[in-house]
1. For the stretch B:228-237, name all the residues that are among the small types (Gly, Ala, Ser) and within 11 Å of chain A (Cβ to nearest Cβ).
2. So which residues in the stretch B:52-67 are within 10 Å of chain A (Cβ to nearest Cβ) and part of a helix (DSSP H, G or I)?
3. Only one of A:Glu172, A:Glu184 is more than 14 Å from chain B (Cβ to nearest Cβ) and either touching an Asp or Glu at 6+ places or on another chain (Cβ under 7 Å) or crowded, with 18+ Cβ neighbours inside 10 Å (or both). Can you tell me which?
4. Identify the single condition in (1) more than 28 Å from B:Gly253 (Cβ to Cβ); (2) surrounded by 10 or more Cβ atoms within 10 Å (Cβ to Cβ) that A:Ala42 does not satisfy, given that it satisfies every other one.
5. For the stretch B:87-113, what are the residues that are among the aliphatic types (A, V, I, L, M), at pLDDT 95 or above and either assigned to a loop (DSSP other than H, G, I, E, B) or assigned by TED's automatic domain parsing to the domain that holds B:Ala156 (or both)?
6. Of the conditions (1) within 20 Å of the chain's Cα centre (by Cα); (2) modelled with pLDDT of 95 or more, B:Val280 fails just one. Which one is it?
7. Just the residues that are β-branched (Val, Ile, Thr) and farther than 20 Å from B:Gln386 by Cβ, please, taken from the stretch B:116-157.
8. Assigned to a loop (DSSP other than H, G, I, E, B) and in the same structural domain as B:Thr197 (by TED's automatic domain parsing): which single residue out of B:Ala165, B:Ala156 fits that description?
Amino acid sequence: MARAVTTRRKVITTAAAWAVGLLIFFPIYWTILTSFKTEAQAINDPPLFFNFDWTLENYTLVQQRSDYMRFLWNSVIIAGGSTLLGIIVAVPAAWSMAFVPSKRTKDILLWMLSTKMLPAVGVLYPISLLFVQFNLLDTRFGLIIVLMLINLPIIVWMLYTYFKEIPVDILEAARMDGAGLKEEILYVLTPMAVPGIASTILLNFILAWNEAFWTLNLTAANAGPLTAFIASYSSPEGLFFAKLSAASTMAIAPILILGWFSQKQLVRGLTFGAVK
Amino acid sequence: MHLKNALCAGTALALVSATAAYAENLVIATVNNGDMIRMQGYTDDFTAKTGHTVEWVTLEENVLRQRVTTDITTKGGAFDIMTIGMYETPIWGANGWLVPLDDLSAEYDVDDILPAMRSGLSHDGTLYAAPFYGESSMVMYRTDLMEAAGLEMPDAPTWQFIREAAAAMDDPANDINGICLRGKAGWGEGGAFITVTANSFGARWFDEDWNAQFDQPEWKEALEFYVSLMNDYGPEGYATNGFNENLSLFQQGKCGMWIDATVAASFVTNPNDSTVADSVGFALAPNAEGVDKRSNWLWAWALAVPAGTQKADAAKEFIEWATSKEYIELVAENEGWANVPPGARTSLYETPEYQEVAFAQKTLDSINAANPQDPTVKPVPYVGIQFVAIPEFAGIATEVSQEFSAVYAGQQSIDEALEKAQAITNDAMEAAGYR
């Protein structure tokens, strides 16, 4: 029996949801607002909400100083490439773990996740030396590989969870109809797991887009993505908040728009399997 | 005729290939500060003079430090020129990681570099990085508030006078703090400030045998003075204030005094950003009465050539251009003398136009009053004023400054913090094999 929901309860829940939503959105809102202030207005005490002269000066300065399109393109290639490569590797891995599990599958899954607990800086030198050895420093290809490996445990885990939701009987029926492994994965499993795969792709694209340790430490003049673009506007000596906010707004805008349009899939994907 | 054409074509081809081989593309890692960003705008002048092109990688100071350190230690070769500071230069020079700058041209006039800067960027008398801009620290104060308080700032004040002036200018009702100082954790933030303050009370980080000295009375005296001064007349939450937070407070007229980097002088006197631009005075950083060392530091952002680069000659050409007298004149001509990179060359301070800049003389006096080879009253085994030029220092000092910041935030006592600092430092030095 469904519980009766009173109007009062509805109002309270809605207000609470709005309050939490606004709280989470506030830093982004403040960044966008600050990007339209002068440096002096940006640090004004008390903070200025609307009563200031809006200016586009910071955007002009940032465009003059940095080649935004180059950083953006690098971000798209690196985030897109690492996500695609990750999916190609993770789909067969998740398939075997979900449908032909061995005695150690659970241990392997946990071990994979445990690699995420190692602080990135702990392997900075080994990875840097490998990059030097294989001439991968400051290349997009090198970053695609590294980001793919970093996000792989999450991709495998997410896909594993989605695949577990699919009744194994359907796959067996396909096998009885003569489907081989390739057909089973490509024509039966994948179409059924599309929402899960889509949200995995989206989430990993966002993770790769925002990754700011390896993308800063393994790049120089060529392969730097938007994280390197933002990092060039912070300064310990001198006022920079307005320019930094403009750079941040330009960096998060594409992913914000992408997230906005695909939030339905994203939410569905993230809550998939949470309620049965 | 054919032969003549062939010869002409051959000569042209040879010339083109010679030029192509000579013209290099330099990748430069640099820090995001006003002077460096300005230099990026003048890169065309360098390209026009030499044919070499330049690509900039601009990073925030801490990110830059980590990035270039990784690159030089793994021989990554991602950069042809690195912007490094006075802390790294002698250490990296000693390790053979940098190309010595011992063959700069006669026109460059290496002897014109301010002696304090040259000495801080050398190892065993060899220059390893050329200063692009240098700074010390000094007192910046509100002349109007000082006058209203009936006091006169001496050229070289003592800490006791600073306390007296802070008390006189402190006006909580009008949101004015007597004094604003750094308290933020981090070796280059609050750590640097408390180290120079301790120097001016006669303290030191290590004795001649690399034993930590936090158990000595001078450190306690310095910390007690700082904490009491800031608790009485400093802004609320000073434990998390660094350069930028204090700059913001001072520019908004909320500080009577601020003791910090000389480079701040151009910010607080800039009417576009500062509400108190026309009422700022300058004085040397203070010392405790009877102590022969002032609390001013010495720092330079300098350009160095990593030993792994294949383009050392072109890189040196760039360094000569960027740190030359001609570059200073180029900036002065286009943007005025107040905007030239300060603190690197003696000749700048002999230029009549520059002498008219309000803070020029005090900046020079502050730089000259700093000697990284002899930073403390008692003898020490290290070089450096606000830092100790050993690789382990950044890690140790960051931890120690976190303990001090916890005192400023009221989370522990001075005695507890000093005891922890002593243990942290001695343990780290023992592990590193100094003791």
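The values are calculated or read from the model by the stated rules, or taken from the named source; none is laboratory data. These numbers come from a predicted model, not from an experiment. Heads up, the Cβs are rebuilt from the backbone with ideal geometry, glycines too, and the neighbour counts pull from every protein chain shown.
1. Applying the first criterion (among the small types (Gly, Ala, Ser)) to the stretch B:228-237 yields B:228, B:234, B:237.
Residues satisfying the conditions do not exist here.
2. Applying the first criterion (within 10 Å of chain A (Cβ to nearest Cβ)) to the stretch B:52-67 yields B:54-64, B:66-67.
Passing the criteria: B:Glu61, B:Asn62, B:Val63, B:Leu64, B:Gln66, B:Arg67.
3. Of A:Glu172, A:Glu184, the one residue that is more than 14 Å from chain B (Cβ to nearest Cβ) and either touching an Asp or Glu at 6+ places or on another chain (Cβ under 7 Å) or crowded, with 18+ Cβ neighbours inside 10 Å (or both) is A:Glu184.
4. For A:Ala42, the exception is condition (1).
5. B:Val99, B:Leu101
6. Of everything listed in (1) within 20 Å of the chain's Cα centre (by Cα); (2) modelled with pLDDT of 95 or more, B:Val280 misses just condition (1).
7. Initially, the stretch B:116-157 is screened for residues β-branched (Val, Ile, Thr), giving B:126, B:139, B:143.
Hits for the stretch B:116-157 are B:Thr126, B:Thr143.
8. Details: B:Ala165 fails: assigned to a loop (DSSP other than H, G, I, E, B).
Of the residues listed, the single one that is assigned to a loop (DSSP other than H, G, I, E, B) and in the same structural domain as B:Thr197 (by TED's automatic domain parsing) is B:Ala156.
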